[in-house]
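This report refers to the structure that appears directly beneath it.
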Amino acid sequence: MNVFRLFSRLGAEQISATSSGEVPLEQIVCAGVRGTADVGVLATRSGDGKVDILLWHYHDDDVPGPTAEVNVVLNGLTPEHPSKARVWRVDNQHGDAFTAWRAMGSPVNPTRSQIDALIRAAQITSELMQIKRRPHGGLSLDSRLPPHGVELIELDGRRH
């Protein structure tokens with residue numbers, strides 16, 4: 001459900017974004033995502049200048065795997081974009097009641113305190129993320145995306 005909440009924050013206009021770790025769509029349709037993870041990106045822009053970058057680290061099987069080291073390079077932004085962004089994460093440590101439920105022993109009838117803990121575990125919150133200015137123009141940011149993680153990075157383009 002929280003990934004759909006991230007989708008709802010995306011802007012109306014899709015803008016160009018590519019990932020060197022993305023599995024081609026034809027391969028996903030024919031064989032799924034097995035053997036290697038799909039580390040993909042989607043970017044949008046809003047009418048007020050906000051840029052949103054959605055990143056994911058997906059594999060069909062629910063198996064442990066390495067964290068994806070992601071470096072996002074941003075070109076073509078206006079100078080008013082800030083040096084910080086907000087990031088919303090959904091993974092086994094952020095916004096994930098299922099992992100918390102399994103850690104409780106998967107209770108069929110959770111107690112009131114367990115239900116409260118699951119509600120807290122399901123909440124998503126944003127954090128500040130540092131953006132670096134590149135020496136020859138543009139911006140970049142680094143992220144560590146765990147397997148089955150999704151994050152939305154929001155760059156506010158409005159003047160402050």
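The values are calculated or read from the model by the stated rules, or taken from the named source; none is laboratory data. Here the structure is a predicted model, which is why all the values come from computation and not from measurement. Positions of Cβ are generated from backbone atoms using ideal geometry, with glycine treated the same way; all protein chains shown enter the neighbour counts.
Some points to look at:
- Per-region count, segment 1-37, residues in a loop (DSSP other than H, G, I, E, B) and not acidic (Asp, Glu): 19
- Those residues of segment 97-134 which are under 30 Å from GLY76 (Cβ atoms) and assigned to a loop (DSSP other than H, G, I, E, B), in sequence order: ILE124, THR125, ILE131, ARG134
- Cβ-Cβ contacts under 8 Å between residues 6 or more apart (or on different chains), taken from a first residue in segment 1-23 that is touching a residue at least 12 places away in the same chain (Cβ under 8 Å) to a second residue that is part of a loop (DSSP other than H, G, I, E, B) and of a type in the set (D, E, K, R), are listed as ASN2/ASP96; GLY11/LYS50.
- Annotation note: of LEU10, LEU74, the sole residue that is of a type outside the set (Ser, Thr, Tyr), modelled with pLDDT under 90 and either within 16 Å of the chain's Cα centre (by Cα) or buried (at least 16 other Cβ atoms within 10 Å of the Cβ) (or both) is LEU74.
- Test: residue in segment 51-74 that is on the phi > 0 side of the Ramachandran plot and touching a residue at least 60 places away in the same chain (Cβ under 8 Å): no
- Some residue of segment 143-151 being assigned to a strand (DSSP E or B), surrounded by 12 or more Cβ atoms within 10 Å (Cβ to Cβ), modelled with pLDDT of 95 or more and among the charged types (D, E, K, R): yes
- Every test in (1) within 30 Å of PRO135 (Cβ to Cβ); (2) crowded, with 17+ Cβ neighbours inside 10 Å; (3) over 17 Å from the mean Cα position of the chain (by Cα) is passed by HIS57 save one, and that test is (3).
- ASN92 vs. criteria over 29 Å from GLY47 (Cβ atoms) and within 13 Å of the chain's Cα centre (by Cα): yes
- ARG112 being among the charged types (D, E, K, R), over 22 Å from ASN2 (Cα atoms) and free of Cβ contacts under 8 Å to residues at least 24 places away in the same chain: yes
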